[in-house]
Amino acid sequence: MDFRNKHIVVTGGAGGIGSLLCRQLLAQGAKITVIDRVNSIDFEGTLIQGDLANLEGIAAIAHQLQKQSVDILINLAGLQYFGVFEEQSPENTALLYNVNLLAPVLLTQALIPGMKKRGKGQVVNIGSTFGSINFAFFITYSSSKAGLQGFSEALRREVSSDGIDVTYIAPRAAKTPLNSEKVLKFAKITKMNMDQPEWVVDKIIVALKKGKKDVYLGFPEKLFVRINAILPRLVDFALAENTQKAKPLFVTSEL
């Protein structure tokens, strides 16, 4: 795919990976619209300031996008919770699912009619390896990304005959501010692979250009995704040790 003069919308485009991705797309001739909560962006492009954490905010953004001709929608914005499941507040749980799953679904729903009318378009959903290999202590994050993968697959089957491509890209952990101090400690004690944002962005660009359907980044994680799909109980056993290693991170000493 040639990005020249393509109108590309990127949610979370002001973030660590998002800003790098937008700059690369701009360098290749794309026209960029960023959806984010920030007041400004430090690169060329249009900013739609909005909040994907609630239905009202999502609806307002969708209304603005429906007025435009969008060639590619990249659903990149995401939140992460790492902790004991029952300690995550209902408010934070709802916020996470809104940003990670509901926003991509509703924004895509808003843009699909225009893409169908033009007979072309691409929806790119940025998931996670954690959406296929569901980790303890990342329950809501993992399940939201699993939902995004399922949405991508079902949508692809529905709109492929309309000239619309659907790409699902699942990076493994990356070195971005999304990771809390506890996540970094977990990564260290479990020897989790973490990629540089620049490497992730390069892989996303290649997937977009080639119109790939499903892309899992990093080895051996992409192999474990396949194993988990066939033998999930085997993966249960393999991950049990990491779960035990993580538990001390959530124990608070009582004086």
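Just so it is clear, none of the values below were taken in a lab; they were calculated from the coordinates. Nothing here was measured: the structure is a model prediction, and the numbers come from that model. Quick reminder, even Gly has a Cβ in these numbers, built from the backbone with ideal geometry, and neighbours come from all protein chains shown.
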Name the residues whose placed amide hydrogens come within less than 5 Å of the amide hydrogen of T46, ignoring near sequence neighbours (fewer than 5 apart) on the same chain.
-> I32, T33, V34
Relative to a virtual label point 7 Å from the Cα of A154 in the Cα→beta-carbon direction, which members of region 70-106 show backbone nitrogen distances below 19 Å?
-> 75, 97-106
Helix 232-246 sits off the longest principal axis of the Cα atoms of the chain, rounded to the nearest 10 on a 0 to 90 degree scale, by 70
Lys, Arg +1 and Asp, Glu -1 on Cβ, resulting dipole of region 7-250 about Cα centre, debye, nearest 20 = 700
Counting helices only, and only those DSSP H runs with n ≥ 4, report the 222 nm mean residue ellipticity of the chain as the sum of -39,500 (n - 2.57) divided by its residues, in deg cm²/dmol to the nearest 500.
-> -14500 deg cm²/dmol
With θ set to phi - 60°, apply the Karplus curve 6.51 cos²θ - 1.76 cosθ + 1.60 along region 111-127 and write out the HN-Hα couplings as whole Hz, x wherever there is a Gly or Pro.
-> 9, 4, x, x, 5, 4, 4, 7, x, 6, x, 8, 10, 10, 9, 8, x
Two-site FRET efficiency, E181 against E44, from Cβ-Cβ distance with R₀ of 41 Å, rounded to 0.05 = 0.75
How much net charge surrounds Y216 when only other residues with a Cβ under 13 Å from its Cβ are counted (Lys, Arg +1; Asp, Glu -1)?
-> +4
Mind checking the angle between helix 181-190 and the chain's longest principal axis? C-alpha axes, 0 to 90 degrees, to the nearest 10.
-> 60
Could you sort out which of K31/K117; K116/K209; K120/K175; K188/K213 sit more than 30 Å apart by Cα distance in this structure?
-> K120/K175; K188/K213
Can you give me the Cα centroid spacing of region 226-249 and region 112-142 in angstrom?
-> 23
Between Y81 and residues 5 or more places away or on another chain, which pairs have amide H atoms under 5 Å apart, with H built 1.01 Å from N, and which residues are they?
-> Y141
Length gained when the stretch K203-N92 is fully extended (0.36 nm per residue, less Cα-Cα span) | 36.9 nm
